[in-house]
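Trainee: Once you've had a glance at the structure underneath, I'll fire off some questions.
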Amino acid sequence: MKNSNALTGTIFITIGVVFLLNNFAIIDWRILIDLLHFWPVFLIIFGLNLIFGKTMLFFIAPLLFIVLIVVAIFYPTILPGRIGLSQEMGLSQDLELGIRQAKIQMTISAADIDIYNVKPEERGKLLLGKVSYRQVPPEVSYKVNGYEAIVDIKSKKKNSFFGIGSLRGSENAMRLGLTELIPLRLDIKSGASDLYLDLSLLRVESLDLEAGASSIKIKFGDISEKLVGRIEGGVSQVVLMIPKWVGARIHLDSGLSSNNLKEVGFEKDGNVYTTPNYSKSDRVIDIDVSIGVGRLNVKFID
């Protein structure tokens, strides 16, 4: 006997599971409201149920509904406009006397991230900025290890349910100014994000960046003698802007991605691409890039 009520049962079970997980602060029940953006898909689902509800293919409509819910929970950034009030939190840390370098660590959920140098009148700050979020504010910690300041900014998870952490998104946008007075090490891990890192006036000596499905744009400068970096992305579009007089070496693990490195003058040796001036320049960038699917573009700037 074919089950024509499979879709109705699936809907009630799914709604119950969503509210149960919401009670444990794992997801937000308002994803059900977000799903209204996909109302044409519901017409398709009910249409499929009318056609196949009493056949051997009765499972198609419930399966499509489950897929839609899974996408809403695990990939919320693709939803066109998350529901909920956005809140804002300021980020500020003074540059203490005796601090000679700093490490900025970020472990955050899906967000738009901008990093730049603080304004001249704000040079007494190690960092200054703000973050907007919808559910849970990030945790920020600060400590000093010898002459190095360490700032850790991470998404805060609330509660757990049988070991499952919160799937609620925290950050929506972060704008962070950093000091240009001391050497910096940046360690950034994010989910699906749009990242713009303007490092042109910062003394960044190392950059470690991991991102999910992302658009990544990085503007380098010539403040540090050598910048060593690593960029790892899933489905990513990566743009690197490099001053013409800075030597660059890129070790590329491209996966299914493409690049324009030879087109803009890099010399290729296996997976290593080098600018002709790399061995002669007193300012160099040495970076490993690993992209699963996407494209790497390098632009030389004045």
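Trainee: Of the peptides 137-150, 236-249, 56-69, how do they stack up when ordered by the mean number of other Cβ atoms within 10 Å, highest first? Before the final figure, lay out each step's value.
Mentor: Values: 137-150: 14.0, 236-249: 19.1, 56-69: 16.9.
Most protected by this proxy first, the peptides run 236-249, 56-69, 137-150.
Trainee: A further question on this structure: Between residue 42 and residue 300, 0.36 nm times their residue separation minus their Cα-Cα distance comes to what? The partial results should precede the final answer.
Mentor: Working: separation 258, 0.36 × 258 = 92.88 nm, distance 4.80 nm.
Result: 88.1 nm gained on full extension.
Trainee: Where does each of 6-13, 225-232, 194-201 land if you order them by average Cβ count within 10 Å, highest first?
Mentor: Ranked by mean Cβ neighbours within 10 Å, highest first: 194-201, 225-232, 6-13.
Trainee: Take the Cβ-Cβ distance between residue 13 and residue 196 as r, set R0 to 30 Å, and report the resulting FRET efficiency rounded to the nearest 0.05.
Mentor: 0.10
Trainee: If the chain between residue 271 and residue 122 were fully stretched, how many nm would it gain, using 0.36 nm times the residue separation less the Cα-Cα distance? Before the final figure, lay out the partial values.
Mentor: Numbers: separation 149, 0.36 × 149 = 53.64 nm, distance 4.19 nm.
Difference between extended and current length: 49.5 nm.
FYI, it's all coordinate maths here, none of it is from the lab. Remember, predicted model here, so these are calculated numbers, not experimental data. Every residue, glycine among them, receives a Cβ derived from its backbone with ideal geometry; neighbour counts consider all protein chains shown.
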